[in-house]
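What follows is a short report on a single structure.
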Amino acid sequence: MAKPVEGQLPLRGDLAHIALAGRYFVPHYAVPQPRIVVAGGAVLRAAPREDADAARQLDGGFSFDVLDLQGDWAWGTCNGLEGPCGYVALSQLEALA
């Protein structure tokens, strides 16, 4: 199976979206935890740092599925398995009402 483009699928070397089980082998699979982007919007980044490359701007109210937490950052995906995936600052996400 061809390796997907980085940032396209919710797949890292150590973790993947549970729906990818059986398609890609990683040590852990995660069930997505849905969140909403805050009203001011958010930046989807390639790494959990403010100076990391911005992959996409997310509008307020946009759905983001969290798969992993790293300090003040959430790694997850937009649009389910279709991606893109990356890191969003936790301060830019809120729980579903």
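Since every read-out is calculated from the coordinates, none of them should be taken as a lab result. The shown structure was predicted, so the numbers you read here are calculated from the model rather than taken from an experiment. Cβ atoms come from the backbone with ideal geometry, glycine included; neighbour counts cover every protein chain shown.
Counting neighbouring beta carbons within 10 Å and listing from fewest to most, the residues ARG49, ARG56 come out as ARG49, ARG56.
Taking the Cα centre of the chain as origin and assigning +1 to Lys and Arg Cβ atoms and -1 to Asp and Glu Cβ atoms, the resulting dipole is close to 260 debye.
Comparing ASP68, ASP14, ASP53 in a Gaussian network model of the chain (Cα springs below 10 Å), the most mobile by mean-square fluctuation is ASP14. Here the relative contact order of the chain, from alpha carbon pairs under 8 Å that lie six or more residues apart, stands at 30 percent.
Bin all alpha-carbon pair distances of the chain at 5 Å intervals from 0 and give each bin's fraction as a whole percent. For the chain, the binned pair fractions read 3, 15, 26, 27, 17, 9, 3, 1 percent.
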